[in-house]
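A short worksheet on the structure shown next.
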Amino acid sequence: MLQRIYGTVWATQEQLDQYLWRREARRRSATTAGSGVQLDLFSFNNVSPGSAFWHPKGQRIWRTLEGAMRELQERRGYQEVSTPIVVSERLWQQSGHWDHYRDNMFLIESEGQTFSLKPMNCPEATVLYKSKVRSYRDLPLRYSEFGRLHRNERSGTLSGLTRVRHFIQDDAHNFVRPDQLMAELQAVLGEVSEAYSWFGLEPRFAFATRPDDAIGDPALWERAEALMKEALDSTGANYVVKPKDGTFYAPKIDIYIDDALGREWQMATIQIDLLMLPERFDLTYVDESGQAQRPMAIHRAIYGSLERFIGILVEHFAGALPLWVAPVQAVLIPIADRHVAGARELEAVMRSRALRVEVDASDNRMQNKIRIAQGQKVPYMVVLGDREIEARAATVRRRGAGKDEPQETLGWDELAERLATEARERRVT
Ligand SMILES: [Zn+2]
């Protein structure tokens, strides 16, 4: 059935859907790239299509997110590792990616051998696993890696930070005994809820089952799917089922969020793998009676691609990131030149509490400096004149505060302590 688009232009429903989808994709790409560029977080250059050049402020966000995830991972007993980026085709043949994923890989020839830039970290985790004989006592073994990945997305599909060729994933592979799988999966779902709560986001889950091009024994698939469903049900998580949407080697749980504008974004995934890593790489551990047994592997990312995650965060908060993530947490604004030295003193007090502070020592007028800091969505502005510097006090202007909202005057130490606490607690507002 034809639909009228405008005037005398008619289209089938399918054409209309495609048109709307493309328009939405263009809009998303324009906005995700736009606000990040405006905030001086990153830029793109056609010398490396689909790969962000991170500016100092963007890199600060990056490192803050990475630090928070590292802290969670340390608490949960992960061990961080790092594996090579250029990897022989032999590894991808063994994992199955050569048949299922080669078109998305960047290939490199050297000395008659074919290598690829790794599009994922998984197979290399098995090299680490197999570097020793593993006992049942060694499991769970949790290897985390901020892996630098390249995927050869067609240039027409690239879109701001949300669809890139180069990205870093907060990846992990957790090797477990069958009797440990359920507890591990529940714990990983808990990691997701915790990490998303740092941004006030509520994750939703989709359970994706065996696709038509799946590798391996259907009985193993059934077992993995049943375990996954049981774990999801046991946590009371809110989820939908997506039939045949799993990867070629494992069923998966996709994590979704709705942003502030009600748009749905697919974030990271959790997979239960009884096949690709355990079977194809012949992983074993020695059980209590000295027999070789097969471990199971959980692949999990929480942010997913850090590039994409940051792009979505910037969109969600319209650039006004929570204090703990904001690349500049406070701007100090001396009213006149003679107040710059005092501002530098307060800057030192705040930096000693690990706060990210800048002094606007330009010769702009005060109102201009305030406007610039507002444009950069800096959480706090502190205006300093004779009175404040003499009293070692500061009048604090909160981002987004209404004109009539009373401004608070605090001592310098008290101000630094208050902001440091807000950052440490990762408060969202
Ligand atoms: Zn993996």
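The values are calculated or read from the model by the stated rules, or taken from the named source; none is laboratory data. These figures come from a predicted structure and were not determined experimentally. In this analysis, Cβ positions are derived from the backbone assuming ideal geometry, glycine residues included, and neighbour counts consider all displayed protein chains. The accessibility values were calculated without ligands, DNA or RNA, using every heavy atom of the protein model including side chains. Shrake-Rupley method; radii C 1.70, N 1.55, O 1.52, S 1.80 Å.
Val428 meets each of the listed conditions (1) open to solvent by 60 Å² or more (accessible area, probe 1.4 Å); (2) out of contact with any Leu (no Cβ under 8 Å at 6 or more places or on another chain); (3) of a type outside the set (S, T, N, Q) apart from (1). Residue pairs whose Cβ atoms lie under 6 Å apart, sitting 6 or more positions apart in sequence or on different chains, and linking a residue in the stretch 103-129 that is over 21 Å from Phe281 (Cα atoms) to a partner that is more than 16 Å from the ligand (Cβ to nearest atom) and outside any strand (DSSP E or B), are Asn104/Asn152; Phe106/Asn152. Being within 30 Å of Leu72 (Cα to Cα), more than 16 Å from the ligand (Cβ to nearest atom) and open to solvent by less than 50 Å² (accessible area, probe 1.4 Å) is not true of Gly147. The residues of the stretch 167-218 that are part of a loop (DSSP other than H, G, I, E, B), at pLDDT below 95 and open to solvent by less than 30 Å² (accessible area, probe 1.4 Å), listed by number, are Leu201, Pro203, Thr209, Pro211, Ala214, Ile215.
Listed residues Arg154, Arg90, Arg102, Arg134; which is buried (at least 17 other Cβ atoms within 10 Å of the Cβ) and more than 16 Å from the ligand (Cβ to nearest atom)? Can you show your working first?
On the way: Arg154 fails: buried (at least 17 other Cβ atoms within 10 Å of the Cβ); Arg90 fails: buried (at least 17 other Cβ atoms within 10 Å of the Cβ); Arg102 fails: buried (at least 17 other Cβ atoms within 10 Å of the Cβ).
Just one listed residue meets the conditions, Arg134.
When you check Ala219 against the structure, is it within 16 Å of the ligand (Cβ to nearest atom) and closer than 29 Å to Asp138 by Cβ, yes or no? Here the answer is no, as Ala219 does not meet what is asked. Residues in the stretch 289-324 that are assigned to a loop (DSSP other than H, G, I, E, B) and away from the ligand (no atom under 16 Å from the Cβ): Ser289, Gly290, Gln291, Arg294, Phe317, Ala318, Gly319, Ala320, Leu321, Pro322, Leu323, Trp324.
Just a yes or no: is a residue in the stretch 283-300 modelled with pLDDT of 90 or more, aromatic (Phe, Trp, Tyr), assigned by TED's automatic domain parsing to the domain that holds Phe205 and open to solvent by less than 20 Å² (accessible area, probe 1.4 Å)? Yes: the stretch 283-300 contains one or more residues that are modelled with pLDDT of 90 or more, aromatic (Phe, Trp, Tyr), assigned by TED's automatic domain parsing to the domain that holds Phe205 and open to solvent by less than 20 Å² (accessible area, probe 1.4 Å). Within the stretch 247-279, the residues that satisfy the criterion of being away from the ligand (no atom under 13 Å from the Cβ), in a loop (DSSP other than H, G, I, E, B), closer than 21 Å to Glu184 by Cβ and not aliphatic (A, V, I, L, M) are Pro251, Glu279. Listed by first and then second residue, the pairs with beta-carbon distance under 6 Å, at least 6 apart or on different chains, first residue in the stretch 183-212 and free of Cβ contacts under 8 Å to residues at least 60 places away in the same chain and under 25 Å from His316 (Cα atoms), second part of a loop (DSSP other than H, G, I, E, B) and open to solvent by 10 Å² or more (accessible area, probe 1.4 Å), are Arg204/Asn238; Phe205/Ala237.
Table: residues versus (1) in a strand (DSSP E or B); (2) within 20 Å of the chain's Cα centre (by Cα); (3) in the same structural domain as Leu283 (by TED's automatic domain parsing).
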site	(1), (2), (3)
Trp62	no, yes, yes
Gln73	no, yes, yes
Thr83	no, yes, yes
Gln94	no, no, yes
Ser116	yes, no, yes
Pro119	no, yes, yes
Pro123	no, no, yes
Thr126	no, no, yes
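Scanning the stretch 400-425 for residues that are modelled with pLDDT of 90 or more and open to solvent by less than 90 Å² (accessible area, probe 1.4 Å) turns up Leu410, Gly411, Trp412, Leu415, Ala416, Glu417, Leu419, Ala420, Thr421, Glu422, Ala423.
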